[in-house]
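For reference, the structure is listed below as structure tokens.
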Amino acid sequence: MGQRDVAFAVCPAYLIAMPINPEAFSAPAADPSGPVNLIGMDRADMEAAFAEMGEPRFRADQLFQWVYGRGVTDFDAMTNISKTLRAKLAERFVVARPRIARDLGSVDGTHKWLLRLADGNEVECVHIPEEDRGTLCVSSQVGCTLNCRFCHTGTQRLVRNLGPTEIVGQIMLARDHLSEWPTAERPTIYERALSNIVMMGMGEPLYNFDNVSKALRIVMDDAGIAISRRRITLSTAGVVPLIRRCGEELGVSLAVSLHAVRDDLRDEIVPINRKYPIAELLDACREYPGVKNSRRITFEYVMLKDVNDTDADARELVRLIAGIPAKVNLIPFNPWPGAPYDRSTPQRIEAFAEIVRAAGYPSPVRTPRGEDIMAACGQLKSESERPRRAAAE
């Protein structure tokens with residue numbers, strides 16, 4: 001057995017199994033005896049539902065706009081639909097957001113919600129207000145399959161994937177909180193407090209690609225939430241086979257959690273590297289559909305004191321990404337209870353950044369946000385656990 005085979009053999013079993021058997025971690029099916037949640041249904045789903053009811057296809061367009069364009073939860077408010085049809089809809093469907101289990105506000109304006117899902121599992125999402133934008137950090141899984149050593153979410157083993165209902169529901173709930181639905185007095189919203197989406201919350205989005213893809217297509221639809229693909233970023237730790245598919249099907253911006261420039265170190269802190277090493281990952285980045293200077297790949301690099309923060313690391317990073325239209329986000333490590341690392345000093349981070357910038361790559365240092373409520377990058381986690389019997393499958 002070779003060195004790479006040995007490294008891969010000691011990976012957690014669920015890291016190996018996840019891409020092969022995603023059904024074991026699938027979102028629960030809707031209760032067939034109860035009403036169906038319209039959130040998470042796309043146009044085709046709504047058209048099929050109306051066809052079953054003997055209604056014309058254009059009704060699906062009306063319903064889609066009410067649910068996703070106006071944020072309406074009461075069928076009686078859907079005034080261009082007849083009362084008879086509204087009553088039928090109310091019998092079969094609901095428009096329900098996830099339930100808020102905990103609502104936390106930071107001194108810096110960041111807002112974090114712990115959301116309780118229909119089956120009792122919980123996830124977190126975070127809104128980060130800035131002067132020129134408002135970004136919502138959205139989760140794609142309960143827990144995570146990758147157990148990156150610097151990430152608090154990685155200490156929570158994967159429980160299950162989120163379905164489109166639960167992914168889109170995070171965005172709907174945040175827009176409720178920010179009062180961003182059109183009203184009679186304000187029919188059009190130009191300056192949004194929620195203008196950007198980042199799939200950087202709990203979980204690895206590419207290991208739940210089908211559900212994430214459906215959810216983001218709903219979010220991007222011009223008749224609904226209407227957030228442009230240019231304002232959506234999907235972050236991956238490096239699920240190489242699905243990177244091209246993400247670019248071809250969604251066309252969203254790509255962020256890659258790199259965090260190390262040597263395979264031996266990345267094997268340790270980002271274990272998926274044992275399966276898809278740095279060279280394979282960067283080849284996939286070079287081939288990402290649509291990447292160019294106006295649409296750069298973002299490489300995320302968490303700054304760990306005396307681990308990956310030397311000048312030599314910075315120079316090797318520049319060498320590795322040569323030829324890729326890119327920027328490098330330097331992320332000061334955000335501590336959590338029991339974390340095995342410390343944050344690099346501001347002086348060391350700036351020295352690292354200067355080397356990257358001198359090579360022609362923008363290299364902003366991310367300002368930690370929401371640390372007082374454990375809402376900063378790498379700090380999200382819930383108490384949900386995978387049932388022991390299921391974990392042994």
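We did not get these values from a lab; they are worked out from the coordinates using the rules stated. The shown structure was predicted, so the numbers you read here are calculated from the model rather than taken from an experiment. As a convention, Cβ positions derive from the backbone with ideal geometry for all residues, glycine included, and neighbour counts pool all protein chains shown.
Quick notes
- Sparse packing (at most 14 other Cβ atoms within 10 Å of the Cβ) combined with a DSSP loop state is found for the following GluC sites (Glu not before Pro) in the range 128-179: 130, 131.
- The modelled label-to-label distance between residue 191 and residue 51, using points 7 Å beyond Cα along the C-beta direction, is 4.5 nm.
- Simple label model, 7 Å out from Cα along Cβ direction - residue 279 to residue 310, nm: 2.2
- Cβ-Cβ FRET estimate between residue 286 and residue 91, R0 fixed at 51 Å, reported to 0.05: 0.45
- Extension reserve of the residue 104-residue 347 stretch, reckoned as 0.36 nm per residue once the Cα distance is removed: 84.3 nm
- Estimated FRET transfer efficiency (residue 264, residue 179; beta-carbon r; R0 45 Å; 0.05): 0.35
- Set of aspartates and glutamates with alpha-carbon distance to residue 292 below 20 Å, sequence-local pairs under 8 removed: 248, 249, 280, 283, 300
- Size of charge dipole - the range 206-322 - debye, nearest 20, with Cβ of Lys, Arg +1 and Asp, Glu -1, no other charges: 500
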